[in-house]
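The values are calculated or read from the model by the stated rules, or taken from the named source; none is laboratory data. Computed from a predicted structure; not experimentally measured.
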Amino acid sequence: MRDTVASTESRSRSNSHSSSFALVDHYARAAQRRLSNFSVLNVLRTFPQFIPYSEGSYKARSKLTVQAINETIPLLSELAASVGKPKTPVTEIVDFPDNDEQRQAANALKQHFDAQGSDKSNHHSYHHLYGAILANREAMRSVIEIGIGTQHSDTVSYMVAGKPGGSLRAFRDFLPFARIYGADIDRRVLFKEERIETFFVDQTEPATFEQLARSVDGECDLIIDDGLHSPNANIQTLIFGLKKVRRGGWVVVEDIGHHALPVWQAVSALLPEHYRRHIVNEEHGLVFAVQRLE
């Protein structure tokens, strides 16, 4: 009887130890998963444009490097203002239409966005901006949108809401005589249908923009960046767009974080006077819109 009790107690202790080890192992694996979401990098090697050109410990120099990364562009914006380049004011997107024709166009475009599963007029309120730009519907001949929308989570900046290609179809339905072009880094979402054609573009590779420029004939009425949503990718699209847009046409960069306002004030200050610049506030972020005047 004594042996039976001892054996039972031993099994109980063994099970308890096993449970404890399993719990520790579970938390260890969870911690490892959390750590795997972060990268360890050498700041001085990764950001050479921002490192202080001086001696010192890694800790001190890396701290100054991070400070330089965060402060350089805002200071460029301040520098531009100090030499007579006034900061572009921020306007509200709902105020962008300034007459009844533009407001009616915005309402009609919203119906097309909603019907085609685009998030541009429910999660966002971009129909106000595009309704004003595209109010003269029958005169519009071509639109390019970078970023068709993908729901594949293995692609950076994939869609959480909305239907891939929805905005392209909405623009096609809204503009009776326009050809609509789309571009995306995810080849799986490319398609072709009535008055719509799409192409591969990697916004971090200028050569793919050159190929897109050759694939789309002539100048465009509107060029939209709704792709990677990072400043370097946005500026690459802006460089492409300003070369490809027609006189009187627009280049629009969507979904800019409010914290990035100094970046776009600096970009605005760099543009010559024959580009009319707007920084537009929308509930979920900012929009940078440029019209070519000549």
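Restricting attention to the stretch 173-185, does a residue exist that is in a helix (DSSP H, G or I) and at pLDDT 95 or above?
Pass one, the stretch 173-185, residues in a helix (DSSP H, G or I): 173-174.
Applying the additional criterion that residues be at pLDDT 95 or above yields 173-174.
There is at least one residue in the stretch 173-185 that is in a helix (DSSP H, G or I) and at pLDDT 95 or above.
Confirm whether ALA68 is over 21 Å from the mean Cα position of the chain (by Cα) and in the same structural domain as ARG172 (by TED's automatic domain parsing).
Numbers: over 21 Å from the mean Cα position of the chain (by Cα): yes; in the same structural domain as ARG172 (by TED's automatic domain parsing): no.
Criteria not met by ALA68.
In the stretch 40-52, what residues are more than 15 Å from THR72 (Cα to Cα) and outside any helix (DSSP H, G or I)?
Of the residues in the stretch 40-52, the ones more than 15 Å from THR72 (Cα to Cα) are 40-46.
Once the filter is applied, which keeps residues that are more than 15 Å from THR72 (Cα to Cα) and outside any helix (DSSP H, G or I), the stretch 40-52 yields VAL40, LEU41, ASN42.
So which of PRO86, PRO74 is within 22 Å of the chain's Cα centre (by Cα) and within 18 Å of PHE288 (Cα to Cα)? Give the steps one after another, and end with the answer.
Numbers: PRO86 fails: within 22 Å of the chain's Cα centre (by Cα).
So the residue among PRO86, PRO74 that is within 22 Å of the chain's Cα centre (by Cα) and within 18 Å of PHE288 (Cα to Cα) is PRO74.
Just checking, does the stretch 79-86 include any residue being among the β-branched types (Val, Ile, Thr), in a helix (DSSP H, G or I) and modelled with pLDDT of 85 or more? If you could, list the steps in order and put the result at the bottom.
Pass one, the stretch 79-86, residues among the β-branched types (Val, Ile, Thr): 83.
Those left that are additionally in a helix (DSSP H, G or I): none.
Taking every residue of the stretch 79-86 in turn, none turns out to be among the β-branched types (Val, Ile, Thr), in a helix (DSSP H, G or I) and modelled with pLDDT of 85 or more.
Among the residues of the stretch 264-289, write down those that are under 13 Å from VAL90 (Cα atoms) and among the β-branched types (Val, Ile, Thr).
Selection gives ILE279, VAL280, VAL287.
Answer with yes or no whether ALA108 is assigned to a loop (DSSP other than H, G, I, E, B) and either over 19 Å from the mean Cα position of the chain (by Cα) or outside the structural domain of LEU242 (by TED's automatic domain parsing) (or both).
In short, no.
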